[in-house]
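K.L.:
Got a structure for you, written out below as structure tokens; questions coming shortly.
The values are calculated or read from the model by the stated rules, or taken from the named source; none is laboratory data. Only a predicted model underlies this, so the values are computations on that prediction, with no experimental measurement involved. For neighbour counting, all protein chains shown are included, and Cβ atoms are generated from backbone atoms with ideal geometry for every residue, glycine included. Please note that ligands, DNA and RNA were not included when accessible areas were found on the heavy atoms of the full protein model with its side chains. Shrake-Rupley method; radii C 1.70, N 1.55, O 1.52, S 1.80 Å.
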Amino acid sequence: MASTDKLVTMSDIAELAKDKDKCIIIVDDKVYDVTKFLDEHPGGEEVLKEQHGQDATTAFEDVGHSIDARQQMIQFQIGQLQRVRAPVNTTTTPAVAATSWTKLIIPIVIAVSAVVIYKLIAGQMGASSTS
Ligand code: HEM
């Protein structure tokens, strides 16, 4: 397997990022070690260092790098970012629980109102029949 195909997780990158002498960046889910490129980068080393251990896709695209720059970066690729999918949450979230409660409250209010109205009417009828 070529080194560019190597799957790298975010925790691997966090581990690599502990080394402050290195410069590891992610662009478009590809992981680059640009440590040796720092001195040569036409945009300066600071901008690259600021992105160490992070996803630099937006910063990279915002500059509008040339095709030459994109070809140049291939040599620095050390792997492919492996995105870990968040586990699907099957338990009821509080927001869902809240909506099911509100759904119950409406019929309860209607039922209570119906009983109160019935009692009022029945009371009035009872009062008028006794007078
Ligand atoms: C391996 C990754 C990278 C390579 C090979 C690379 C290469 C280059 C090259 C060749 C240029 C000259 C202009 C051009 O040809 O587009 C350039 C300019 C520049 N790059 Fe990068 N770059 C990389 C990553 C980044 C990243 C991640 C950032 C931002 C955080 C960045 C910011 C800049 C800036 C600000 C300029 C100057 C633009 C200007 O003066 O108009 N570069 N880069």
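K.L.:
Looking only at segment 56-75, count how many residues are within 30 Å of the chain's Cα centre (by Cα), open to solvent by 40 Å² or more (accessible area, probe 1.4 Å) and within 6 Å of the ligand (Cβ to nearest atom).
P.N.:
Qualifying residue count, segment 56-75: 4.
K.L.:
Can I ask one more? Scan segment 42-68 for residues that are assigned to a helix (DSSP H, G or I) and not aliphatic (A, V, I, L, M) and report the count. Don't jump to the end; show me each part of the working.
P.N.:
The initial filter retains those residues of segment 42-68 that are assigned to a helix (DSSP H, G or I), namely 45-50, 57-63, 67-68.
Still in the list and also not aliphatic (A, V, I, L, M): 45-46, 49-50, 57-58, 60-62, 68.
Total meeting the criteria: 10.
K.L.:
Among the residues of segment 16-41 satisfying the criterion of being part of a helix (DSSP H, G or I) and over 9 Å from Gly53 (Cα atoms), which is least open to solvent (accessible area, probe 1.4 Å)?
P.N.:
Narrowing segment 16-41 to residues part of a helix (DSSP H, G or I): 16-17, 35-37.
Still in the list and also over 9 Å from Gly53 (Cα atoms): 35-37.
On the way: Thr35: 44, Lys36: 173, Phe37: 21 Å².
Within segment 16-41, the match that is least open to solvent (accessible area, probe 1.4 Å) is Phe37.
K.L.:
Go through segment 13-55 residue by residue and tally those that are free of Cβ contacts under 8 Å to residues at least 24 places away in the same chain and under 23 Å from the mean Cα position of the chain (by Cα).
P.N.:
2
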